[in-house]
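Heads up, the thing below is written out as structure tokens.
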Amino acid sequence: MRGKNLILALGLVAMVVPGAGGAHDGHGLATVVVDPRDRDFREGQTRITLIVSNYGAQPVVAMGIGLPGREMRPLARPLPVGPGETGAIPGLVLPVSDRGAFTVIVDFGPDGPLPVLVPAR
């Protein structure tokens, strides 16, 4: 009887805690790495390329980009990245004029958002 209670309790946790149910079956963003590259400043804006690497077992799709506290913008072309693959989001123009570090958020649709730290330059 104790084993059935444990299984029931784990099932309830998976339903109540966001992400707990899919964390072990290859879903989610725990195995996705986004590296900022080629940061450049022009006319009070930052241009950047994001390299997306998927080390998980399920494909992901980068669908949008944004800054904390601002509205997400859809990418002109969503970027699908399969298991074990790497893709690039080149030529992003962001309204960031400061050369300090900042965070950009990549929207992976149903898999959720992933914050990415862009280091100071």
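For the residue pair residue 51 and residue 67, what label-to-label distance in nm results when each label sits 7 Å from Cα along the Cα-to-beta-carbon direction?
About 2.5 nm, to one decimal.
What's log10 of I(q)/I(0) for region 31-118 at q = 0.13, 0.14, 0.17, 0.20 Å⁻¹, Debye sum over Cα points only, no solvent?
Treating every Cα as an identical point scatterer, log10 I(q)/I(0) equals -0.39, -0.45, -0.66, -0.90.
We did not get these values from a lab; they are worked out from the coordinates using the rules stated. In this text, all values refer to a predicted model and were calculated from it rather than measured experimentally. Note that each Cβ is placed from the backbone with ideal geometry, even for glycine, and that neighbours are counted across all protein chains shown.
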